[in-house]
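Below: the structure, in structure tokens.
Laboratory data are not the source of any read-out in this text; all were calculated from the coordinates shown. Just so it is clear, the model here is predicted, and its values are computed rather than measured. Here the Cβ positions follow ideal geometry from the backbone for every residue, glycine too, while neighbour counts run over all protein chains shown.
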Amino acid sequence: MNASEKPAELLASDSNFVSWVWLPASSALPAKETKSTQVLPSMPRVDVLQPLRQLLGDLDVRQEQRAHKICQLIPSQCPFERTIRLFGRTLFHIPPLCKLNPLYEELIALRFRALCYLADECGEDITPYC
């Protein structure tokens, strides 16, 4: 008689019967530590740019002059992207580096809010800024 022919009661009492249980990460058993692979205590991550991110996110664009200034200062495209050519042949291409800026998302969102303010509430044409 093989395992597929045994009744369910016998399978449950069989010492070779294995069941799998999902354990959440918090209740997982700690791994054995050796001298070479000791786990360092986790240090809390500190985001030093968080106050500046919060300031840019909370900046309210409700003045026309401020909105114009923001749209002039924050470019719509990365100014560092270049294609270097010599005698009509492309030597190399410098990709846009703006995404390396840790405040890129906040600056783009601020520019977008300023453009929306100028277009929606002031009724201005924003094509010069695009």
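Brief remarks on what is shown
- Gyration tensor (alpha-carbon) shape descriptor, segment 54-129, a/c threshold 1.5: oblate
- Under the Karplus curve 6.51 cos²θ - 1.76 cosθ + 1.60, θ = phi - 60°, whole-Hz ³J(HN,Hα) for segment 43-56, x wherever Gly or Pro sits: 9, x, 7, 10, 9, 6, 8, 4, x, 5, 4, 5, 4, 5
- Peptides 92-98, 104-110 ranked from most to least packed give 104-110, 92-98, packing being the mean of other C-beta atoms within 10 angstrom over each peptide's residues.
- Stretching the chain fully between L55 and C116 yields a gain of 20.1 nm (0.36 nm per residue, less the alpha carbon separation).
- Considering only L107, L86, Y117, and ranking their Cα positions along the charge dipole of segment 54-129 that arises from unit charges at the beta-carbon of Lys, Arg, Asp and Glu, the one farthest toward the positive end is L86.
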